[in-house]
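Undergrad: Submitted below is the structure of interest, expressed as structure tokens.
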Amino acid sequence: MKRRDFIKLAGSSAVIATSGTAVEARQSHPASPDAIGMLYDSTLCVGCQACVVKCKEVNHMAPNPEGEAQWEMNSQLSPYALNVIRRYDSGDGSVKDREQDGFAYIKRQCMHCVDPNCVSVCPVSAMTKDPVTGIVSNDPDICTGCRYCMVACPYNVPKYEYHDPFGQIQKCELCNQPGVERISNGLLPGCVEVCPTGAIIFGKRDELLAEAKRRLAMNAGDTYNYPRETLTAGREHEKAIPEYFPKVYGEHEGGGTQVLVLAGLPHEKLGLPDLPDQSYGARSETIQHTLYQGMILPFAALMGLTYLTRKNMFQADDAAEDDKDNRQNSHQNKHQNKHQNDKGNGGHHE
Amino acid sequence: MSDHANIRPLGGRLLTKPVIFFSFFALLCVIVIFKRLILGLEDVTNLNGGYPWGIWIGFDLLVGTGFACGGWALAWLVYVFNKGEYHPLVRPALLASLFGYALGGLSIMMDMGRWWNLPYFYIPGYFNANSVLFETAACMTVYILVLVMEFAPAMLERFGLKIPLRVLNKFLFAVIALGALLPTMHQSSMGSLFVSAGHKIHPLWQSWEFLPVFSLLGALIMGCSIVIFEGALVTAGLKQRVPDERPLMNRLTAFIQVLVGMFIILRLHAVNISHKWAYVFEGDIYSWLFIAELALIAWPVIFIKRIRKNGPLLFMAAVSLLVGAAMYRIDLSIVAYHPGDGYQYFPSIEEVLLSFGLVAIEIVAYILLIKLLPILPGAATTNRINEFNRAEQG
Ligand code: SF4
Ligand code: SF4
Ligand code: SF4
């Protein structure tokens, strides 16, 4: 490479560097003001599995053909189970909601993330988040089954129907997918409707977040009127405030979730990872935007490369031509030709 | 491109023993593909709800296209850095790249559950430019077309189609420039793919913003090494019928030296700035894998003087570099990937058969095509390269 070329290349790298820094980090998306959600209070859950059965019924799911019939106790989420209750056990498991020698329940389902990774990574926009309700749903008519959403979901929520050659992704769509549409019709999500203790309630995300904070702020041992179904359904029951682990899971985790979780022990123990406030998807998008915003960088690089290639290629052609001549002339004048070549005769010839 | 004038088909018998051996596995691969299409993924793979991506992505896509970077690495050397002496290596490398990418593409298609929806990747309004997988797939698609065009002169020459050849030669420089750029994009994306997996990737491999850099350097290391590897194999397999390209290969090691140096320094730097040394010295399987990856690519560089004098050692060095760089990608995508919730994954026999079968298809097709098409430099070129070397030194 000659000095002149080097300067040009350095010039285009400067373009690259400056345009690269111009892109700001992608901020976490805020929650829609009308975002709906659910609040799951693990300390109220009695592990009765009513929600699991109802979820299957509402979503027309067969009982798990691979596990033990209907009950999904401690099984994974699967294409047959969009909602499972898992049990945490430690030591002799004698006391509920205690980390040592205790047990606890956790409801696993799609968290309807505020800034969902699955939507960020879906290459064909088959995974979408409703701009108003914030419900995250999958459109099988577009989905390519690449399963990148499964890689990127921090909770391993989307499940693919491997058993079916025409299988699709299954996940909780908050009972509002075409054909079910409970939310649009003013009904409650299946799991909320049947929960006997109000462990899972439905409402607007900001109201549920306030409710969760209220519970954390109260003194353990006091009594509280716990609502069932929704905050305003008027179906309260009185119960003593337990010892809460002082965090509303989902307020900030991974950019926030619309399904919020309260528990009596650290959420990681229940399989909910401790996530940074910025979603992984936002972090990944920042990289992509830095490199590809407006395709300026690739275009600048392409221009530089085209210039160099064109130059070097036709020079190579000349060299080869010269080379052939050389051989014909029994290798005379070789150095002379090479010399000429170095001076660079840029023109193209047939 | 008159520089390819001395390149001609090798000719000779087609149904040799290696061809028959690899054809057998190629056939098994086709059977697995049919089984997958008819019965679904569950009957052929061990993929599950926690491990959505197995070796068809980790090996076939990430390593397969990594090994297919030979054509790209040489395009940079010959056309961008103007190292014309590598020109004779370009065509064989392009052919291998074309196969590697085409079959990598095929394996993602087999992995896609709903492959019939694939066109949405290319339809505006559907594709999602935020998705790294979209960037990877779209860019790979264009690159496969570029490879076809770069390789087309060999076909056109073979069938004596002078006019299309002349037309193609007029704008081939633009195609080559594009071919130099595109792998930079999608090969780095193959690392970025895993940023969104976040904590599911073991801390030693989850290097966030460094992932695209590591992936890019790894791709270049694989690209240069595969040229040495294939060159040595073809030379050994065809004895005396092709020129000895050792001097060229030796000089290629100088580039590898720089790349490996950068890779190792940055990899350790990433560990250092995020305070992950404890994981390196943990003594568990991950710390050993981390150390093994670095060792496999480090020794060829440390002993570079000895390697250059010794043909078999050079070959071993190339293999070691390939294994080390491939291990990095497999570890990142599979071994260091932990979805939690008690999920496990080990590839099924059929997954392995498909992966191996795709490699077998590549080998068979490569052997057949170098016999039928003008790809390898003929013996006559030997003198020219030596002349070139002497001229360079003199
Ligand atoms: S929990 Fe997973 S599937 Fe549900 S919205 Fe969040 S990232 Fe998507
Ligand atoms: S599997 Fe479907 S929904 Fe999930 S990322 Fe791929 S295309 Fe999108
Ligand atoms: S909202 Fe509906 S789909 Fe989701 S867990 Fe509850 S019942 Fe199941």
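The values are calculated or read from the model by the stated rules, or taken from the named source; none is laboratory data. Since the model is a prediction, treat every value here as computed from it, not as a measurement. Positions of Cβ are backbone-derived with ideal geometry, glycine not excepted, and every protein chain shown enters the neighbour counts. Side chains included, ligands, DNA and RNA excluded: accessible areas come from the protein's heavy atoms. Shrake-Rupley method; radii C 1.70, N 1.55, O 1.52, S 1.80 Å.
Undergrad: If I filter the range A:157-174 for residues that are of a type in the set (Ser, Thr, Tyr), away from ligand 3 (no atom under 12 Å from the Cβ) and surrounded by fewer than 24 Cβ atoms within 10 Å (Cβ to Cβ), do I get at least one hit?
TA: To start, the set of residues in the range A:157-174 that are of a type in the set (Ser, Thr, Tyr) comprises A:160, A:162.
Okay, now just the ones that are also away from ligand 3 (no atom under 12 Å from the Cβ), so A:160, A:162.
When the remaining residues are screened for being surrounded by fewer than 24 Cβ atoms within 10 Å (Cβ to Cβ), the result is A:162.
For the range A:157-174, residues of a type in the set (Ser, Thr, Tyr), away from ligand 3 (no atom under 12 Å from the Cβ) and surrounded by fewer than 24 Cβ atoms within 10 Å (Cβ to Cβ): present.
Undergrad: Answer yes or no: is there a residue in the range B:212-221 that is closer than 21 Å to B:LEU133 by Cβ, modelled with pLDDT of 95 or more and within 8 Å of chain A (Cβ to nearest Cβ).
TA: Yes: one or more hits.
Undergrad: From A:PRO165, A:PRO154, grab the single residue that is at the interface with another protein chain (Cβ under 7 Å from one of its Cβ atoms), touching a residue at least 24 places away in the same chain (Cβ under 8 Å) and over 18 Å from B:ASN128 (Cβ atoms). Even if it seems obvious, please write down each step before you answer.
TA: Numbers: A:PRO165 fails: touching a residue at least 24 places away in the same chain (Cβ under 8 Å).
Being at the interface with another protein chain (Cβ under 7 Å from one of its Cβ atoms), touching a residue at least 24 places away in the same chain (Cβ under 8 Å) and over 18 Å from B:ASN128 (Cβ atoms) holds for just one of A:PRO165, A:PRO154, which is A:PRO154.
Undergrad: Here is a follow-up. Open to solvent by 10 Å² or more (accessible area, probe 1.4 Å), under 30 Å from A:PHE245 (Cα atoms) and away from ligand 2 (no atom under 16 Å from the Cβ), is that true of A:TYR80?
TA: Numbers: open to solvent by 10 Å² or more (accessible area, probe 1.4 Å): yes; under 30 Å from A:PHE245 (Cα atoms): no; away from ligand 2 (no atom under 16 Å from the Cβ): yes.
So A:TYR80 does not fit the description; no.
Undergrad: Of the residues A:GLY134, A:GLY93, which single one is more than 14 Å from chain B (Cβ to nearest Cβ), part of a loop (DSSP other than H, G, I, E, B) and at pLDDT below 95? Show your work before the answer.
TA: On the way: A:GLY134 fails: at pLDDT below 95.
It is A:GLY93.
Undergrad: Considering only the range A:241-299, state which residues are hydroxyl-bearing (Ser, Thr, Tyr) and more than 19 Å from A:TYR148 (Cα to Cα).
TA: From the range A:241-299, those hydroxyl-bearing (Ser, Thr, Tyr) are A:244, A:249, A:257, A:279-280, A:284, A:286, A:290, A:292; that's our starting set.
Answer for the range A:241-299, where residues must be hydroxyl-bearing (Ser, Thr, Tyr) and more than 19 Å from A:TYR148 (Cα to Cα): A:TYR244, A:TYR249, A:THR257, A:THR290, A:TYR292.
Undergrad: Also: Being touching a helix residue (DSSP H, G or I) at 6+ places or on another chain (Cβ under 8 Å), of a type in the set (Phe, Trp, Tyr), within 16 Å of ligand 2 (Cβ to nearest atom) and closer than 30 Å to B:TRP56 by Cα, is that true of even one residue in the range A:154-168?
TA: Yes, the conditions are met somewhere in the range A:154-168.
Undergrad: Out of the range B:279-308, which residues are among the small types (Gly, Ala, Ser) and touching a helix residue (DSSP H, G or I) at 6+ places or on another chain (Cβ under 8 Å)? Step through it out loud before you land on a result.
TA: Initially, the range B:279-308 is screened for residues among the small types (Gly, Ala, Ser), giving B:283, B:287, B:292, B:295, B:298.
Of everything in the range B:279-308, those that are among the small types (Gly, Ala, Ser) and touching a helix residue (DSSP H, G or I) at 6+ places or on another chain (Cβ under 8 Å) turn out to be B:SER287, B:ALA292, B:ALA295, B:ALA298.
Undergrad: Can you give me the number of residues within the range A:96-131 that are more than 13 Å from ligand 1 (Cβ to nearest atom) and more than 7 Å from chain B (Cβ to nearest Cβ)? Steps first, please.
TA: First, pick out the residues of the range A:96-131 that are more than 13 Å from ligand 1 (Cβ to nearest atom): A:96-106, A:123-125, A:131.
The next check asks that each one be more than 7 Å from chain B (Cβ to nearest Cβ); those that pass are A:96-106, A:131.
Within the range A:96-131, residues that are more than 13 Å from ligand 1 (Cβ to nearest atom) and more than 7 Å from chain B (Cβ to nearest Cβ) number 12.
Undergrad: Can you report the number of residues in the range A:229-247 which are farther than 16 Å from A:LYS269 by Cβ and either outside any loop (DSSP other than H, G, I, E, B) or open to solvent by less than 50 Å² (accessible area, probe 1.4 Å) (or both)?
TA: Going residue by residue through the range A:229-247, those that are farther than 16 Å from A:LYS269 by Cβ are A:229-241.
Filter again for either outside any loop (DSSP other than H, G, I, E, B) or open to solvent by less than 50 Å² (accessible area, probe 1.4 Å) (or both), leaving A:229-231, A:233, A:237-241.
Going through the range A:229-247 one residue at a time, the tally reaches 9.
Undergrad: Output the qualifying pairs, or none if there are none: Cβ atoms under 8 angstrom, residues six or more apart or on different chains, first residue in the range B:102-115 and more than 24 Å from B:PHE151 (Cβ to Cβ) and at the interface with another protein chain (Cβ under 8 Å from one of its Cβ atoms), second residue open to solvent by 20 Å² or more (accessible area, probe 1.4 Å) and of a type outside the set (Gly, Ala, Ser).
TA: Filtered contacts from the range B:102-115: B:MET112/B:LEU118; B:GLY113/A:GLU161; B:GLY113/A:GLN168; B:ARG114/A:PRO140; B:ARG114/A:PHE166; B:ARG114/A:GLN168; B:TRP115/B:MET109.
Undergrad: Out of all the residues in the range A:103-133, which are surrounded by 23 or more Cβ atoms within 10 Å (Cβ to Cβ) and within 16 Å of ligand 3 (Cβ to nearest atom)?
TA: Selection gives A:TYR105, A:LYS107, A:ARG108, A:GLN109, A:CYS110, A:MET111, A:HIS112, A:CYS113, A:PRO116, A:CYS118, A:MET127.
Undergrad: Here is a list: B:PRO153, B:PRO119. Which entry is assigned to a helix (DSSP H, G or I), within 14 Å of chain A (Cβ to nearest Cβ) and within 20 Å of B:ARG8 (Cβ to Cβ)?
TA: Numbers: B:PRO119 fails: within 20 Å of B:ARG8 (Cβ to Cβ).
The unique qualifying residue is B:PRO153.
Undergrad: Against the condition at the interface with chain B (Cβ under 8 Å from one of its Cβ atoms) and open to solvent by 10 Å² or more (accessible area, probe 1.4 Å), how does A:CYS146 come out, does it pass? Break it down stepwise before answering.
TA: Working: at the interface with chain B (Cβ under 8 Å from one of its Cβ atoms): yes; open to solvent by 10 Å² or more (accessible area, probe 1.4 Å): yes.
When the stated conditions are applied, A:CYS146 passes them.
Undergrad: Right, next: How many residues are under 27 Å from the mean Cα position of the chain (by Cα), assigned to a loop (DSSP other than H, G, I, E, B) and without any contact (Cβ under 8 Å) to a residue 60 or more places away in the chain if we restrict to the range B:28-56?
TA: Count: 1.
Undergrad: It is to be established whether one or more residues within the range A:196-214 are within 16 Å of ligand 1 (Cβ to nearest atom) and at positive phi. Show your work before the answer.
TA: Of the residues in the range A:196-214, the ones within 16 Å of ligand 1 (Cβ to nearest atom) are A:200, A:205.
Pick out the ones that are also at positive phi and you get none.
No, the conditions are met nowhere in the range A:196-214.
Undergrad: At least 3 residues that are more than 14 Å from chain A (Cβ to nearest Cβ) and either open to solvent by less than 50 Å² (accessible area, probe 1.4 Å) or in contact with a Ser or Thr (Cβ under 6 Å, 6 or more places away or on another chain) (or both) in each: list the helices (runs of 4 or more DSSP H) lying fully within the range B:282-372 that qualify. Walk me through it before giving the result.
TA: On the way: elements: B:285-302, B:304-309, B:311-330, B:349-372.
Counting at least 3 such residues, we get B:285-302, B:311-330, B:349-372.
Undergrad: Restricting the range A:251-288 to residues that are in a helix (DSSP H, G or I) and open to solvent by 40 Å² or more (accessible area, probe 1.4 Å), which is nearest to A:PRO116 (Cα to Cα)? Give the derivation first.
TA: Of the range A:251-288, the ones in a helix (DSSP H, G or I) are A:253-255, A:267-270, A:280-288.
Checking which are open to solvent by 40 Å² or more (accessible area, probe 1.4 Å) leaves us with A:268-269, A:283.
Working: A:GLU268: 19, A:LYS269: 23, A:ARG283: 12 Å.
Checked the range A:251-288; the qualifying residue nearest to A:PRO116 (Cα to Cα) is A:ARG283.
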